[in-house]
Amino acid sequence: MKIVVLDGYTENPGDLSWAPLEALGELTVYDRTNVKDETEIIRRIGDAEIVLTNKTPISRTTLTACPSICFIAVLATGYNVVDVDAAKEVGIPVSNVPGYGTASVGQFSIALLLEICHHIGHHDDTVHSGQWSACPDWCYWDAPLIELSGKTMGIIGFGRIGQATGRIAKSLGMKVLASGSRPTESGREIAEYVALDTLFASSDVIALHCPLFPETEHIINRDSIAKMKDGVILINNSRGQLIAEQDLADALNCGKVFAAGLDVVSTEPIQPDNPLLKAKNCMITPHISWAPKESRQRIMDATVQNIKSYLTHDLINVVNDL
């Protein structure tokens, strides 16, 4: 059984082991594959029967050119990089890894918010540059400091990750509002479910944890921002395409949105002309909410189990109904 990993570096830059996969077959791992070079993708897959990908696309053309493929495992929850319909047509199951990053992504969402509220990194830099030593007072701050207790967080998308974020927000003394298509009892223990427009109008902080669907693309736009409180804080470590980026940049620059904490953008890596790079009070991190070692180990373990389930004809986590 030949197994190929098309882009293994972000999953395992060296602190995890590929040994469990090596035990399942003849393993080839590429750190990176050019996502725009379909000829290279096809060449690297070759006659492999099992293909692992994170962000390297597997198109209908690739599937046709690589008839040995029997199973595709996505090293992530999102699987839009694979043409799952084309795979289904030729009987190739596609698996993903749901739920691996619930704790880490929820934690990171709050970390973005706390950095906006306290500017810890900035103040640490000023201390190390000598500003505290030269200060005539025993303390100082040169950016607004915000207490979260008593404020309202609205969470758009209240599944596992949204609820993880909501639990932490509630523990900080925040009131939590939620907008989701399927209210649950576990969700009701954390938040009050409200209509989306109510959430926009009532929230001091808005966090995005919804999937990217046609109906959620650009859910944050000029019109929805106009419905928000003046000085709202926006957090997004879900999908960059949920935000109309120029609209958010305009709202930041005029002060309608006080600050944004973003771990995702519409095109990644971020492009030099992205308007958010020059927007006021916009903190951007390089899509790392998912990346603690513990989360990546869960991806590895779950992927191994996905492959074993294929080999034993007892499929799990299959996203294309095979």
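Data table
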{"item": "Whole-angstrom gap from segment 246-322 to segment 86-110, using each part's C-alpha centre", "result": "11"}
{"item": "Net charge, V194 excluded, C-beta distance under 15 Å - Lys, Arg +1, Asp, Glu -1", "result": "+2"}
{"item": "Descending semi-axes in Å of segment 1-96, equivalent ellipsoid built from Cα gyration tensor", "result": "20, 14, 13"}
{"item": "Residue exposure sequence - I72, I155, I220, I284 - by fewest surrounding Cβ within 10 Å", "result": "I284, I220, I72, I155"}
{"item": "Inter-probe distance in nm under a simple model that places probes 7 Å from Cα toward Cβ, at D124 and K227", "result": "3.8"}
{"item": "Theoretical FRET efficiency, 1/(1+(r/R0)^6), r = Cβ-Cβ of D37 and Q107, R0 35 Å, to 0.05", "result": "0.45"}
{"item": "Packing-based exposure ordering (other Cβ within 10 Å, fewest first) of H313, H118", "result": "H313, H118"}
{"item": "Projected label distance in nm at A195 and S17, using a 7 Å step from Cα toward the beta-carbon", "result": "5.7"}
{"item": "Sites excluded, GluC sites (Glu not before Pro) in DSSP loops with at most 12 other C-beta within 10 Å, longest stretch of the chain", "result": "1-146"}
{"item": "Rg/Rg_ref, the chain, where Rg_ref = 2.2 N^0.38 Å and atoms are Cα", "result": "1.11"}
{"item": "Backbone N within segment 227-268 under 18 Å of label point (7 Å from L145 Cα along the Cβ vector)", "result": "none"}
{"item": "Descending semi-axes in Å of segment 102-284, equivalent ellipsoid built from Cα gyration tensor", "result": "28, 20, 15"}
{"item": "Sum of -39500 (n - 2.57) over DSSP H runs of 4+, divided by residues of the chain (222 nm, nearest 500)", "result": "-9500 deg cm²/dmol"}
{"item": "The chain, relative contact order [Cα under 8 Å, separation at least 6], %", "result": "16"}
{"item": "Cleavage-rule hits, chymotrypsin sites (Phe, Trp or Tyr not before Pro), segment 89-156, DSSP coil, Cβ neighbours within 10 Å at most 16", "result": "W132, W138, Y140, W141"}
{"item": "Relative contact order [Cα under 8 Å, 6+ residues apart], segment 102-284, whole percent", "result": "19"}
{"item": "Formal net charge of residues neighbouring L252 (Cβ-Cβ distance under 12 Å; K, R +1; D, E -1)", "result": "0"}
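Computed from the coordinates by the stated procedures, all read-outs in this text should not be read as laboratory data. All values reported here derive from a predicted model rather than from experimental measurement. Because the Cβ atoms are built from the backbone with ideal geometry, glycine has one as well, and the counts that use them run over all protein chains shown.
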